[in-house]
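Colleague: Can you read through this structure? Questions will come right after.
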Amino acid sequence: MTTLALKDLNELPVRLASGHRLCAGCAESIIAKQVMMGSEDPLAVSCSTGCFEVSTTIFPYTSWNTPYIHTAFGNGAATCAGLESAFNALKRKGKITENINFVNFAGDGATYDIGLQALSGAMERGHRMVYVCLNNEAYMNTGIQRSSATTIGAQTTTSWPGSVSSGKKEYSKDLTQIMVAHNIPYVAQVSPHNWRDTVQKSQKAFNCGGPAFINAISPCPRGWRFPSDQTIAMAKLAVETCVWPLFEVVDGKYELTADSARIADGKVPKKPVTDWINAQGRYKHLLQDRWEPVIEQMQAEVDRRWEKLIKLADL
């Protein structure tokens with residue numbers, strides 16, 4: 001694809017149909033559609049167990065208009081790598097002539113935690129595949145339990161706030177940087193509020209010639225406690241507060257993109273993390289005076305990671 005004109009995107013096949021059973025306001029289907037617009041070639045999809053898998057493949061129905069395989073919680077990357085290996089073998093034998101792209105969708109639990117070993121292995125082995133993390137910052141499908149993607153101070157069913165607890169005590173794992181450390185051709189962070197940025201990055205991921213990783217912020221109205229019609233606004237706020245910067249790393253070179261590039265250039269202001277906290281019920285307890293130090297910790301960590309990113313981008 002050489003252009004992002006709407007008329008060209010409209011000519012792509014519909015790879016994920018409507019009628020799935022994701023919660024109202026869930027960002028996952030939006031992200032998946034944007035990512036799959038990055039491939040002109042046919043797609044084979046694997047999907048780790050989680051919200052997205054359960055809601056799009058309730059037997060005997062499916063929302064997928066692509067070859068699709070459901071994998072267990074922890075082996076999505078291994079399954080996708082197996083598909084790519086089978087394709088290569090069949091192509092060598094002349095049984096397949098067209099190009100096929102491969103993508104695995106998984107939540108943060110299946111990516112940051114349970115499936116990290118399989119993901120690391122597939123990236124290190126160099127499989128030509130795109131791994132997409134639909135990051136809603138908790139195990140939403142099984143009851144909103146904390147994961148290592150959950151941010152400090154957040155309330156989940158396994159990190160309850162109370163008289164002696166401010167919610168989750170640990171900072172979130174920076175998995176995007178861990179993927180960069182694998183020295184793969186392409187790594188990026190995206191947000192569904194900026195479809196153009198997401199589609200462009202997906203094109204690069206599918207065309208990079210090797211393994212690629214895309215980490216997508218996926219606001220969850222149920223787990224984050226915000227109105228279901230505010231999903232895109234919430235995704236945008238994550239970027240505006242620098243809680244979720246937009247950037248890409250191409251062959252080790254960092255570049256801030258879209259909204260984040262404008263913030264770094266001083267063209268738009270960086271919003272305080274209190275805007276992020278006030279917009280979500282999972283942080284409501286932090287508004288008590290005694291938890292003000294936690295908010296200060298959150299802001300300090302956001303600032304630290306943002307300044308580090310600016311230095312990596314050589315700005």
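Coordinate-derived values only; no laboratory data. Please read these numbers as outputs of a predicted model, since none were measured by experiment. Neighbour counts are summed over all protein chains in view; Cβ atoms, including those assigned to glycine, are modelled from backbone coordinates with ideal geometry.
Colleague: At 7 Å along the Cα-to-beta-carbon direction for both N183 and E255, put a label point, then send me their distance in nm to one decimal.
Modeller: Inter-label distance under the simple model: 2.3 nm.
Colleague: Please give the charge dipole size of the chain, origin at the Cα centre, charges +1 on K and R Cβ atoms and -1 on D and E Cβ atoms. Round to the nearest 20 debye.
Modeller: Dipole about the Cα centre, nearest 20: 380 debye.
Colleague: Shifting gears a bit: Hey, fewest Cβ within 10 Å first, where do Y112, Y61 land in order?
Modeller: Lowest to highest Cβ neighbour count: Y61, Y112.
Colleague: Does a label point 7 Å from the Cα of R222, set along Cα-to-beta-carbon, have any residues of the range 22-44 with amide nitrogen under 20 Å, and which are they?
Modeller: From the range 22-44, the list is 22-33.
Colleague: Taking neighbour Cβ counts within 10 Å as the exposure measure, how do D303, D108 sort from fewest upward?
Modeller: Arranged by neighbour count, lowest to highest, D303, D108 become D303, D108.
Colleague: Taking amide H atoms as placed 1.01 Å from N in the peptide plane, list the residues 5 or more away in sequence, or in a different chain, whose amide H sits under 5 Å from that of N136.
Modeller: D108, S218
Colleague: Which of T157, T198, T66 comes first, and how do the rest follow, when ranked by fewest Cβ neighbours within 10 Å?
Modeller: If I rank by nearby Cβ atoms, fewest first, I get T157, T66, T198.
Colleague: How many nm is it between the label spots at W160 and A89, if each spot is 7 Å from the Cα in line with the beta carbon?
Modeller: 5.1
Colleague: What are the ³J(HN,Hα) values, in whole Hz, obtained from phi via the Karplus relation 6.51 cos²θ - 1.76 cosθ + 1.60 with θ = phi - 60°, for each residue of the range 262-278 in sequence order, with x given for Gly and Pro?
Modeller: Each residue's phi maps through the Karplus curve to give 5, 5, 4, 7, x, 6, 9, x, 7, 7, x, 5, 4, 4, 5, 5, 5 Hz.
Colleague: In addition: Read phi for every residue in the range 302-313 and hand back ³J(HN,Hα) as whole Hz from Karplus 6.51 cos²θ - 1.76 cosθ + 1.60, θ = phi - 60°, with x for Gly and Pro.
Modeller: Each residue's phi maps through the Karplus curve to give 4, 5, 4, 5, 5, 5, 5, 5, 4, 5, 5, 7 Hz.
Colleague: Given 0.36 nm per residue, what is the gain on full extension from C23 to T142 after removing their alpha carbon distance, in nm?
Modeller: My answer for the length gained is 41.5 nm.
Colleague: Alpha carbon centre of the range 217-256 versus the range 121-157: separation in Å?
Modeller: If you average the Cα positions of each part, the centres end up 14 Å apart.
Colleague: Report, in degrees rounded to the nearest 10, the 0 to 90 angle that the Cα long axis of helix 195-207 makes with the longest principal axis of the chain.
Modeller: Roughly 40 degrees between the two axes.
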